[in-house]
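**Student:** Could you have a look at this structure, given as structure tokens, before my questions?
The values are calculated or read from the model by the stated rules, or taken from the named source; none is laboratory data. What you see is a predicted model; the values in this text were computed from it and never measured. We place every Cβ from the backbone using ideal geometry, glycine too, and count neighbours over all the protein chains shown. Heavy atoms of the whole protein, side chains included, go into the accessibility calculation; ligands, DNA and RNA do not. Shrake-Rupley method; radii C 1.70, N 1.55, O 1.52, S 1.80 Å.
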Amino acid sequence: LVVACGLICWYAFARDTKAANRIFPSNPLSLSRPVGLGYWSLILVIGAYAAISIYLPLVLTVLHGVKPLYVGAMNALMSTSWSISAALIAGLHGGAERTAMAAGPICLLIACAGFAAETHFGGGLVAIGALAVLAGFGIGFINVHMQAKCMAAAEPGEESITASSLSTVRSLGQAF
């Protein structure tokens, strides 16, 4: 199913390049262009966050018998951490901005590995809460600045297409 969905997305992107009114900028998934790299980064980061948001409640309730109230608290920790970290880094520029953007995927990677280890070995709600905060920080560190970088890197005349397609790209990440 994942391969079929990937082929459908590839076909949709290929059709879009020939359309009179395109939804995406030219070469939207090219790994040699800044917009393409930004789109891939958003797809992967949002996909990782969505996976945590979906499977964490299942793991907590089914494998560990955690009450739904605490599961909701973990999701609230992730969302709150996303908002706090986005607010903390909103005014960064230059090297500090690049550092924050690099820290985002690293935080998510550590959180994903930690959740996988916790699923196998156990670790308690405090450890899960810390990992939830780390996952939220990961998204907050990269999301806004990556979107801004994509819009700034848009080809001349494609600025509005690039900006308006970012929500679609994030939705693709969530879907996969």
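**Student:** What number goes with the only condition from (1) assigned to a loop (DSSP other than H, G, I, E, B); (2) over 27 Å from His145 (Cα atoms); (3) open to solvent by 90 Å² or more (accessible area, probe 1.4 Å); (4) not acidic (Asp, Glu) that Gly65 does not pass?
**Tutor:** So Gly65 meets the others, but not (3).
**Student:** Same structure again: On the basis of being surrounded by fewer than 18 Cβ atoms within 10 Å (Cβ to Cβ) and hydroxyl-bearing (Ser, Thr, Tyr), does Thr119 make the cut?
**Tutor:** Values: surrounded by fewer than 18 Cβ atoms within 10 Å (Cβ to Cβ): yes; hydroxyl-bearing (Ser, Thr, Tyr): yes.
It is true that Thr119 is surrounded by fewer than 18 Cβ atoms within 10 Å (Cβ to Cβ) and hydroxyl-bearing (Ser, Thr, Tyr).
**Student:** Let me ask something else. Go through region 107-130 and give me each residue that's within 24 Å of the chain's Cα centre (by Cα) and among the aromatic types (Phe, Trp, Tyr).
**Tutor:** Phe115
**Student:** Name every residue in region 1-27 that is in contact (Cβ under 8 Å) with a residue 12 or more places away in the chain and exposed (fewer than 10 other Cβ atoms within 10 Å of the Cβ), in order of residue number.
**Tutor:** Val2, the sole residue that qualifies.
**Student:** What's the number of the condition Leu37 fails, among (1) touching a Lys or Arg at 6+ places or on another chain (Cβ under 6 Å); (2) open to solvent by 80 Å² or more (accessible area, probe 1.4 Å)?
**Tutor:** Going through the list (1) touching a Lys or Arg at 6+ places or on another chain (Cβ under 6 Å); (2) open to solvent by 80 Å² or more (accessible area, probe 1.4 Å), Leu37 breaks only (1).
**Student:** Can you give me the number of residues within region 83-116 that are free of Cβ contacts under 8 Å to residues at least 40 places away in the same chain and not hydrophobic (A, V, I, L, M, F, W, C)?
**Tutor:** Summing the residues that are free of Cβ contacts under 8 Å to residues at least 40 places away in the same chain and not hydrophobic (A, V, I, L, M, F, W, C) in region 83-116 gives 7.
**Student:** Restricting to region 1-47, what's the tally of residues that are within 30 Å of Gly72 (Cβ to Cβ) and modelled with pLDDT of 90 or more?
**Tutor:** Quick first cut of region 1-47, residues within 30 Å of Gly72 (Cβ to Cβ) only: 1-2, 5, 41-47.
Filter again for modelled with pLDDT of 90 or more, leaving 41-47.
Count: 7.
**Student:** I'm told Ser30 meets every condition in (1) more than 17 Å from the chain's Cα centre (by Cα); (2) assigned to a helix (DSSP H, G or I); (3) without any contact (Cβ under 8 Å) to a residue 60 or more places away in the chain except one. Can you identify the failing condition by its number?
**Tutor:** Going through the list (1) more than 17 Å from the chain's Cα centre (by Cα); (2) assigned to a helix (DSSP H, G or I); (3) without any contact (Cβ under 8 Å) to a residue 60 or more places away in the chain, Ser30 breaks only (2).
**Student:** When you look at Phe141, is it closer than 30 Å to Glu159 by Cα, surrounded by 15 or more Cβ atoms within 10 Å (Cβ to Cβ) and of a type outside the set (A, V, I, L, M), yes or no?
**Tutor:** The answer is yes for Phe141.
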